[in-house]
Structures are given as C-alpha cells and as structure tokens.
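S.K.: Sharing a structure with you now.
The values are calculated or read from the model by the stated rules, or taken from the named source; none is laboratory data. This one's a predicted model, so the numbers in the text were calculated from it and none came from an experiment. All Cβ positions, even for glycine, are placed from backbone atoms using ideal geometry, and neighbour counts span all protein chains on display.
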Amino acid sequence: MDSPALIQTIAIAALPVIFAITLHEAAHGYAARHFGDPTAWQAGRISLNPLRHIDPVGTLLVPGLILLTSYLAAGSAMLFGWAKPVPVNFGRLRHPKSDMLWVAAAGPAMNLVMALAWAGLFKLALLITPNMFSHPLAEMSAIGINVNLVLMVLNLLPLPPLDGGRIAVSLLPHALAVKYAQLERWGFPILLLLLFTGILGDIMGPFLALFRNLIVMLFQLN
C-alpha cells in the first residue's frame, strides 16, 4: 500500500471510527438521563455531535496509529479507541444498582445498532450498479461493521471499568458487587496486559466471529 492509498484508507475509516466511539458515549448519557441522572445533560455531553465526545488521543491518535502500524506491517490489526467518558453519577439514578446495568449496556447496544446499520449500507453497496461511490461505501461499511463489533465485544468484557464490569457489579449480590467494583483501579493495567500478550485477541476472537457470521447470515452478504 503506498502513501496515497494509506491516506485514502484513513479517510474512509474516519467516519465509522469516530461515530462508533462517540455515539457509544452519547448512548450512556441518554440512558443515564432517562434513569434519573442529568449529570451528562448538564455538562452538555448528551449530544449526537461527535465533536463533543472526541478525545484527541483515544478517538484520533490511537486509531490512526493502529491503521499506520497495519500499513507498515502489511497486515491487519484490531481497530479500536475511546472517547471522552460521559460523566455519570450512579448515585443520582433512581435505582442506582439496577439502573447501572441499563446505563452501562447502552453503549454496547449502540455499537450493535451501528454495526447493523453499516451492514445494511454494505448490502446496498453490493446491490447498486458499480460506480465511483459503491466501492468506497463498501469499504467504509466493512470498517463500520468491524469497529463497532470490536467496541461492543471489548466493552462487554466483565472487567471494571468496562461496561461489562459495571453490568457484572449491577447483577452481583451487594457484598460481592462491592468487592468486584474494587477491581476498577486495576482494570486498565489488566486490559493493557491482555492486549500486549495477545490474550485479549484470543478472548474476543470467537465472539467477534460469532457476531460477524450472524450479520453475514442476516443480511445475506456471502
């Protein structure tokens, strides 16, 4: 891949990556407000405007470096990133412990919705008469499917402070939930360890394959 091709790839990937990351966070804010916590709304973070959620490092730099590394290595990598976390005060929820589940699940649920939407656009790109837009649309849609599935599966891992960890805390009995929530201080180091040892990819791989196969069957993409 030459430099113009790399630039084209980054340009095509930018939209699905930014929306996958930022709308995930916006969904948490919408859910928190619905269940009684207006913190994100008061901070102006309940918005579908990606500019309100972009983190220069997590939304732009990290995905860009992953794409660049994949280009230099002539391979592929698991594309992911993060946005500025939406502020949620779980103590202000009407039922803090049980409502935490729905607020946490809102982000991955949004990624699933976006993955399905991109799959619909991918199907459209296959059906329309080939033109100057159909191939870029197919490439963008494929990236949109993959990045949203990666973010969904990653965030559903039962490791605080990931969404899956908060879901686990919500479901556990109170005494166990308190102890499990204490893992949050070690969550990010554990995640980095799993990432750099390759264990994270081994854990996520089967789930990603499952959801990709389901989307292929649902939209008859094979």
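S.K.: Going through segment 40-54 one residue at a time, which ones are within 19 Å of the chain's Cα centre (by Cα) and polar (S, T, N, Q)?
M.R.: 47, 49
S.K.: Mind counting the residues in segment 29-62 that are in contact (Cβ under 8 Å) with a residue 40 or more places away in the chain, touching a Lys or Arg at 6+ places or on another chain (Cβ under 9 Å) and in a helix (DSSP H, G or I)?
M.R.: Result for segment 29-62: 5.
S.K.: For residue 21, indicate whether it is at pLDDT below 80 and either surrounded by 14 or more Cβ atoms within 10 Å (Cβ to Cβ) or more than 28 Å from residue 122 (Cβ to Cβ) (or both).
M.R.: Spelling it out, it is not the case that residue 21 is at pLDDT below 80 and either surrounded by 14 or more Cβ atoms within 10 Å (Cβ to Cβ) or more than 28 Å from residue 122 (Cβ to Cβ) (or both).
S.K.: Just one of 162, 172, 214 is within 20 Å of residue 100 (Cα to Cα), surrounded by fewer than 17 Cβ atoms within 10 Å (Cβ to Cβ) and at pLDDT 90 or above; which is it?
M.R.: 172
S.K.: Could we say that residue 102 is surrounded by 20 or more Cβ atoms within 10 Å (Cβ to Cβ) and either modelled with pLDDT of 95 or more or in contact with a Leu (Cβ under 9 Å, 6 or more places away or on another chain) (or both) here?
M.R.: no
S.K.: Also, I was wondering about something else. Farther than 27 Å from residue 66 by Cα and surrounded by fewer than 17 Cβ atoms within 10 Å (Cβ to Cβ): is that true of residue 91 in this structure?
M.R.: Yes, satisfied.
S.K.: Where in segment 148-222 are the helices (runs of 4 or more DSSP H), entirely inside, with at least 1 residues that are among the acidic types (Asp, Glu) and within 19 Å of residue 17 (Cβ to Cβ)?
M.R.: Counting at least 1 such residues, we get 163-171.
S.K.: Okay, moving on. Mind counting the residues in segment 175-189 that are of a type in the set (A, V, I, L, M) and either surrounded by fewer than 14 Cβ atoms within 10 Å (Cβ to Cβ) or under 18 Å from residue 142 (Cβ atoms) (or both)?
M.R.: Number satisfying all stated conditions: 3.
S.K.: From the list 10, 46, pick out the single residue that is surrounded by fewer than 20 Cβ atoms within 10 Å (Cβ to Cβ) and at pLDDT 75 or above.
M.R.: Going through 10, 46 in turn, the sole match is 10.
S.K.: Hey, among 127, 116, 79, which residue is surrounded by fewer than 23 Cβ atoms within 10 Å (Cβ to Cβ), modelled with pLDDT of 95 or more and either over 25 Å from residue 61 (Cα atoms) or not small (Gly, Ala, Ser) (or both)?
M.R.: 116
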